[in-house]
Structures are given as C-alpha cells and as structure tokens.
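Report on one structure; see the data block that follows.
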Amino acid sequence: MSVENGIGASVRRKEDQRFITGNGKYLDDINKYGQTYGYFLRSPHAFAKIKSIDLDAAKAASGVVDIFTGADMAADGVGGLICGWGIKNKDGSDHIAPPHPCLAVDTVKHVGDQVAFIVAESLEQAKDAAELIEVDYEELQSVTSIQKALANGAPQVHVEAPGNQCYDWELGDKAAVDAAFVNAAHITKMDLVNNRLSPNPMEPRSALGEYDAGTGEYTLHTTSQNPHVARLLLSAFVAIAPENKLRVIAPDVGGGFGSKIFLYAEETTTIWASKKVRRPIKWTSDRSEAFLTDAHGRDHATHAEMAFDADNNILGFRVSTKANMGAYLSTFASAVPTYLYATLLNGQYKMPCIYAEVQAGFTNTTPVDAYRGAGRPEATYVVERMMERAARDLNVDPTELRMQNFIQPDAYPYETPVIMTYDSGDYPLTMRTAKGMIDYDGFEARKAKSAAKGMLRGIGSAAFIEACGIAPSAAVGSLGAGVGLWESAEVRFNPTGSVTIFTGSHSHGQGHETTFAQLITDQLGVPFESVEVVHGDTTKVPFGMGTYGSRSLAVGGSAIVKAADKIIEKAKKIAAHLMEASEDDIEHAHGVFSVAGTDKQLTIGEIAFAAYVPHNYPADLEPGLAENAFYDPLNFTFPAGTHIAEVEIDPETGVVEILEWAAADDFGNVINPMIVEGQVHGGVAQGIGQALLEGVIYDEDSGQLLTGSYMDYCMPRADDLPNFNVTTTNTPCPSNPLGVKGCGEAGAIAAPAALMNAITNALGKEIDMPATPEKVWRAAQNA
Amino acid sequence: MTTVSMTVNGKSVSANVEPNTLLVQFIRDNLRLTGTHVGCDTSQCGACTVHVNGNSAKSCTMLAVQAEGAEITTIEGLASGDELHPMQAAFKENHGLQCGFCTPGMIMSSIDLLKRHPNPSEETIRTELEGNICRCTGYHNIVKSVKAASENMGG
C-alpha cells in the first residue's frame, strides 16, 4: 500500500515556503541586543614572519571595543585547530600536523591568514580600525604548487614538516601490481591534474558568538553542516568551554558542499572573544574572504598506469598522487586523498590488484579539505579518464571496454583490493540505460553532421562509484578517524498525534524537513503536514554527526526508522492493553494497529493520546510516546552509475557547447524522486564547473590568489549549462533498513570525467581541466 | 548622516543613514527585511536583486540615497497575504530552489525577465539569468520554474 506523501512520492518541500517568501533565517539575518561586529585583519603575504604588531592607533579609533592577536589567545590557553583523522606513513609513523593557531602567532603562511581580530560597534568602524594596525612583516619566499613544495630545495612551510611532507601513504599490494605489469599485453599511462576548486556556497560563512556571564554559557550561531562536531572540537580541543556550557546553533544554512563541515579560525575566535568583550559579536565573511579562507577542494597531481591482458581485461592498476594540503591541516583534510580516494580506485571493475601511493604536502595556500565528493571525484576522474584513454589505445569502444570489465550483478558482495566491500549494483544496466538515453549508437552520424559545418563533436562517458553512508564507526576508527560516524534521531509524538523528529543530521539545501517527514508519514501514517523536523541546535537535538558524504538519509534516515520501530513496539503494547488483546495478535501497518482476525483497530494518534493521558494504560509501561535511536551503519553504501556527455566544439573559438547530458544512477531506493533529481542536477553542474570553468590559481612567485572574486573565478551560470536528462535504476542497498545509497555527490563525481572524455574525444588529444576556450582552442589548432 | 525616504513593499519608509549606505544595507539593517541577501562583493551573484520602480536592480550596487523617492519591492512584498506570486509558486512546484539563499534574488530577476519576455525560450531564460548565481540547482529546475510561471501568468 502506498501512503499519500510517503516513500517514493515527489512531495513538494516544506522548507520552501519560508525561502520563497524571504522568511528564511540565515545567520546574517540574526541580530542580538548589544551586538558588536568582528573583522579580521589578514595577511597580505603568502609567507612572512611577523616582526611586530602595533595596535595602539587602532585601539584608540572610534567605535573600537577591543582588538585581539594570537598572543592574546595563547595567553588565554586557547588551543589551535586540529585535524580529526590520523594517517600512517608507509613506515608506520604518524602524519605531521603542524600547529594551526586561530590568529597567527609569529608567522603567516598563506594570503588571508588571520593576523588580528577587531571588535567594534559597527563593521565600518572595525574595518577602519584594521587599516590603522601596523604589522611589520619580513617576507619569505613562498611555494604554492604541490609538485614544487615536495621537490628538493623548496621553501619550508613548517619547521615541523621537513620537505613539506604531511604524509607518504600507501594502499594495496605493490608486489602483485608489479607482477601484473610484467605480464601485461598493454599498458596505458597518464598524468592527470585535478584542479583546485573553491566550494562557493552562496551564503558566506558567518558566526555570532555570545557569552552569558550569569550562567557561564556560550552560544555560537554558525554556518555549520555539523553543529555537534563543531561543539565537540571547540570544547575538547580548543578548550572554549565544556560541552554542557556551549550551545552551537546552525540555523538555515545557505549551502555547504563540504566547506561548512570544518571548524575554522574565524568562528572559533568569534566565540572566544565574545567572553572577552562581554557582548555578542557577529562576524560575516564577504566573498573575497571566502575565496581566501573557505577550505578549497581537490588539487591533486597524479600519475596512473593500467595494465591489460591481450583480451583487454584489466590486470592491475598503479596510481601515484601528490595532494596539496595547503598551509595547515584542516579538520578532515588528511582523509580526503587517502581513505576517501584510493579506496575507490577500483571503480566499477574487476581489478585483480591495485597499488596506490599518496604523498601529501604543505604549501602557502588556503587549506584544502573535503569538497562535494571529497576524494571520490578524484578517484573516478583517474579511473575513468584511464578507461577512456585505454579504449582509445586499444582501439575499442570505451563503453564496451567498460562493459567487458564491469563487476557483474551476481558478484555481490564484492571485495575490492582496496578495502571496500561493494554490496549491490548493476553496472551493465546503468551503462545500457545511459547509452539508450543519449542514443549512443547514433553518435557517428551526428559527428559527421557537425564535421560538415566545421565543428568537432565528441562523446564521453564516466562509470562512477562512490562510498557513501559514511560510515561504520569501527571501520573508520581502525583507519584513523578520531570520531564515530553514526547518526541520532528522536521521534516524539505530541499528545494530539502530531510528531516532531529531532535529527542529528543538518539540512543546508538537501530538503531533510521534507524527506525525513515522508519517512514518518509512510511508516506511522501521520499526515505529512503534522510532522516537523528539528535540526541544527545542540540543545534541541541529540548529539549528531551532521551532514556530508551523502550520509544523511542512509545513516540519519536509518536512525529515524530505528526510532520509529521503537515507537511501533511500544504502541503495540498500548494497543494490546486498550483492545484487550494479546500483544502477539496486534498487527501494524502505516500507523493502524489492529487485532488479527477482528475489526478492532486503533490509530497511532489514539495510542499517542492514551500514552500521554494514561488513565487506562498498562501498569508496567512508562507513559509518553517518544523514542531515541542511534544508528551505526554496517557498511558504506555504494551509489554508482554512468553519465554520458555529448559536446560540440567550435575550433575557431575553443568554446565547448554541451549538447546532451545523460545520467543513469543507482541510488538504491528513492524516497523523494524530485529531490534526488535536483541533487543530481546540482552535482553535475559543479562537476561541469570543474571541467570547463573553475580553477583556483595562485601566482607562483608571489603566492597571491589570482582568482579571488567572481570576476576572476568562473562560476557556472545558467547560460553555461544544458538541461540534464536524469534517471535512476535501483538495486536496493542491503546494509540499511531503507535500502538507500545516497545521491548528493554523484553528479560532481561523474561529471568531470564524462565531460573531459567527451572533449578529448572531440579534440583527439588529452588536455587537463578546466577546458577553457583558450586551452581547447590551442589544442584544436594543433590537432 | 542624511535622510532617505522611499516606498518599500507599499509602505513609506524614512531613515537617517550614512551617505555611503548601500540600498541592500538600508533594506536589511534599517528595515530588517532580511529576505534580500548578500552573496558577493563584486555585484556578480544577484542574491540582492530587488525591484526599483518596477525594474530589477542589484541592491548592493546602489546607494540608498539613489533610491530616494523610489518604489522598492523586495521578496517580502511579492505575495498577497497567503497567496504566493505565481513566480514564487512556480519555484516551489518545480523544485527551483535547494538551500534558498539565491532564491529571493532569482525570483525577483525572473519576474523582471517575464515582464520583458512574457513567453521566453529556454535560451532567453538562461541568458537573462546570467547575472544570478545559484550553486545548488544547476539551474535546470530554475529554468523550468520560470517557464512554468510564464505559462501560468498567461505569457
């Protein structure tokens, strides 16, 4: 029986009403009585010693409340920022995590590094005062590229990290891969750059810190994807206050894409300083600061080699990657190029052996951490450009080479040589589906038509896989994670039958208020309008791990289901008592409890009322109807699919036009198809942005950020993108009660490789991202 | 300080502001109409788009004093009571928003677009919305929303 507004329905979103009427409450919309304004003086240099800071004139300026430097924070015993995932080097030693102070102490290590925090009555006064601060810098030679940073003689970013090395890590069986290559009939080799990106959620980061001298409690409103994690870090490592004296609220958050997972210096400094000035402080990033300080994504340089036998079967895969960590190790930075990357290098294929080594290093650039997909786009990019390149080398159709090497639908569970156990999928089906959607077989005729008008037409595919539903706590703990990655929920019936869901997940565009409500509507028969979802406030919701890695439905949704199961269990007892039947005879379907073989029944609403007004109630049962659950997943989930792009290139201008985009994705069961499609659209758009338009560029000599605004960093706009043809196939995920896999990152993972494969197919030569008109034009001229 | 007066969402408003106050600051800070957002500092993103005398304008690019005497409409002024403007309804119906931050500016620009192109092609919609950045939707459903609104509004 399908339930109205239940699982599988494209229910229109609850949250939209406030957003389309201008009633959303984003952080900068919130103001407190007596509020002051914070502003950061930032380093204009990529690398410099701070010889002295003179605050006198600034402190005397109009409206200035106080000014703080790194020395003040150190004197107050405030710790620096930490990285929550420890990586082991090849020799078993620990990675290097140099100090990461919120305000620079004696050295600035990237342009935009925080030097001083000015608190004033108005933002204008804070900015004016910042101009009066005199900092005497001794400039040092900087290094921004990872290849140069890891080379001999490079400037040393941290004394703690000789040779700028953070770690030198490996995964897989080197000997087996070496042997496989000896026996290979063909070897494909490529050098690939995964360009550095700036996440750019449209709402800039912001913080509003308050200290209550009466209770000793701090309240931090912050643009966070995971407020409890922020509270834990602020409490346990920065030592702002014990967790019970620290409330973190993430209200409506305008996009994250990973960049709002991390605990940053600005939010930390703001909450710390609120006690110093005994007044609320608001800091809001402007876009220029966001480019300088929001953790960047990607920035890998990779050499890959794939060995095939004489029948074009993969024999082995060898990957060597250099990963840029930036100037400091951000919250989860170390995990991105290791356990979120190399573990997915198996792709969708039968690969007998894989060996990956990753050398991560420090540079004088903004820290790099998880950005939509986080490691998995980098893995898919390497695997899928290699597969396409190999097919060209072997003179076979790239989709056929993939089909031949796919793991087959009856092979699950499938253990890869790089830790993961894939649990379900049908890769040939998604490939066939995508090919049908784009009329793959008709391509040659279309290419001829384009050629007749002097245009270059190309088609390219990417068969991506990712590990989502992050993550089984014991598994990630054994790999170095400092936290567990379960999720929490409470399902609370109100006496009159409406329901409030409290979730540890956080919604910043994903539509949880709708999808999570659909779960309860479906399972407990409560009208959709009578279900409310509460998230984002550490005093309201149980401790939760937050939203990233396409985990919210698979892990957070499963916690809600688990809590609802407990509700059903208790409701059966109440129903048995009220209907004078044995509990074993009570049957339940969508919120209706009936006595088997009779017409007696009670609705969940009637039972909830009885639970809160327990005049006629089981003697051994607690009143009330509210249940908590924590859900720790059994395995990762493995969304996978095929995206195919078709492009036309004007060789005279180098402009790439995307003509068609076909996406066939297997996300397991789908709760709200409308929302899932929207997630794919957005992910693909970001992937296209990476492949065509976006790239963070530093001046190699000065270390200055050259792409520091929307005038220089090319964001995808409406007229850069096509419509997307999107569909889903479904092999339910066996490891969680909903059978869901996650959909938030898929597009960003699949799109870059698919699009670059189409472009290089059209050009007949390999180029790196972003495929800007200039780069494409040059390639076309030399074609 | 200087006095500035205008009509915002049908109400006469007046305030003393610094001469360098931007229209968006006046709207957000003085009038507390926080539906108009600031997403960049180079007039590129369009999150701050409002209507000034019926035409869309980026309110981060105007001084409040330049709007002296003007009729301003913000996102808060679109619906009539509980009845949504057709563009608002179309965005909701077609999932034209995710995080919602760019949405007020996107809706204000889209209404202006339909005023000038009552029955726009997809290409026209995409070209016209070039000044509004959305990072969530990939624009697919925004284009669909605007098209649907044009049909519902009899374009």
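Structure summary
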| quantity | calculated |
| --- | --- |
| Scan of segment B:63-96 for residues that are of a type in the set (Asp, Glu) and touching a residue at least 24 places away in the same chain (Cβ under 8 Å), ordered by number | B:Glu68, B:Glu71, B:Glu76, B:Glu93 |
| Residue check for A:Cys743: buried (at least 22 other Cβ atoms within 10 Å of the Cβ) and within 14 Å of another protein chain (Cβ to nearest Cβ) | yes |
| Filter pass, A:Leu553 being farther than 12 Å from A:Val491 by Cβ, more than 14 Å from chain B (Cβ to nearest Cβ) and hydrophobic (A, V, I, L, M, F, W, C) | yes |
| Subset of segment A:246-289 that is within 11 Å of chain B (Cβ to nearest Cβ) and surrounded by fewer than 24 Cβ atoms within 10 Å (Cβ to Cβ) - its residue that is farthest from A:Val229 (Cα to Cα) | A:Ser288 |
| Cross-chain or 6+ apart pairs with Cβ under 7 Å, segment A:423-450 first and without any contact (Cβ under 8 Å) to a residue 40 or more places away in the chain, then assigned to a helix (DSSP H, G or I) and surrounded by fewer than 19 Cβ atoms within 10 Å (Cβ to Cβ) | A:Pro428/A:Met403 |
| Any hit, segment A:218-232, residues being at pLDDT 95 or above and under 21 Å from A:Pro377 (Cα atoms) | yes |
| Matching entry among A:Ser285, A:Ser320, A:Ser330 (being in contact with a Pro (Cβ under 8 Å, 6 or more places away or on another chain) and farther than 30 Å from A:Gly63 by Cβ) | A:Ser330 |
| Strands (runs of 3 or more DSSP E) fully within segment A:149-222 counting 2 or more residues that are surrounded by fewer than 20 Cβ atoms within 10 Å (Cβ to Cβ), touching a residue at least 24 places away in the same chain (Cβ under 8 Å) and of a type outside the set (Gly, Ala, Ser) | A:165-172, A:186-194 |
| Qualifying residue in segment A:695-713 (condition: more than 27 Å from A:Met403 (Cα to Cα), within 21 Å of the chain's Cα centre (by Cα) and not β-branched (Val, Ile, Thr)) | yes |
| Pair list, Cβ under 9 Å, 6 or more apart: segment B:101-128 residue surrounded by 16 or more Cβ atoms within 10 Å (Cβ to Cβ), other residue outside any helix (DSSP H, G or I) and among the basic types (Lys, Arg) | B:Phe101/B:Arg135; B:Cys102/B:Arg135; B:Gly105/B:Lys58; B:Arg126/A:Arg717 |
| Cβ-Cβ under 9 Å pairs, at least 6 apart or on other chains, segment A:480-504 side under 30 Å from A:Gly92 (Cα atoms), far side of a type in the set (Val, Ile, Thr) and in a loop (DSSP other than H, G, I, E, B) | A:Gly480/A:Ile87; A:Gly480/A:Thr338; A:Gly482/A:Ile82; A:Leu485/A:Ile470 |
| Yes/no for A:Met711 being part of a loop (DSSP other than H, G, I, E, B) and free of Cβ contacts under 8 Å to residues at least 24 places away in the same chain | yes |
| Options A:Gly436, A:Gly511: the member that is within 27 Å of A:Val676 (Cα to Cα) and over 24 Å from the mean Cα position of the chain (by Cα) | A:Gly436 |
| Subset of segment B:139-149 that is crowded, with 22+ Cβ neighbours inside 10 Å and over 18 Å from A:Ala748 (Cβ atoms) - its residue that is farthest from the other protein chains (Cβ to nearest Cβ) | B:Ala149 |
| Qualifying residue in segment A:455-468 (condition: of a type outside the set (Phe, Trp, Tyr) and at positive phi) | no |
| Selected residue [more than 30 Å from A:Lys562 (Cβ to Cβ), in contact (Cβ under 8 Å) with a residue 24 or more places away in the chain and among the small types (Gly, Ala, Ser)] from A:Gly654, A:Gly641 | A:Gly654 |
| Residue match in segment A:559-575 (condition: more than 42 Å from the chain's Cα centre (by Cα) and of a type in the set (A, V, I, L, M)) | yes |
| Sole residue being farther than 29 Å from B:Cys40 by Cα, of a type in the set (A, V, I, L, M) and assigned to a helix (DSSP H, G or I), chosen from A:Ala748, A:Ala691, A:Ala753 | A:Ala753 |
| Test: residue in segment A:669-688 that is in a loop (DSSP other than H, G, I, E, B), under 22 Å from the mean Cα position of the chain (by Cα) and within 10 Å of another protein chain (Cβ to nearest Cβ) | yes |
| Wholly within segment A:556-631, strands (runs of 3 or more DSSP E) carrying at least 1 residues that are touching a Pro at 6+ places or on another chain (Cβ under 9 Å) and buried (at least 19 other Cβ atoms within 10 Å of the Cβ) | A:626-631 |
| Meets criteria (under 21 Å from the mean Cα position of the chain (by Cα) and among the charged types (D, E, K, R)) for A:Lys741 | yes |
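The values are calculated or read from the model by the stated rules, or taken from the named source; none is laboratory data. Because the structure is a prediction, the values reported are computed rather than measured. Heads up, the Cβs are rebuilt from the backbone with ideal geometry, glycines too, and the neighbour counts pull from every protein chain shown.
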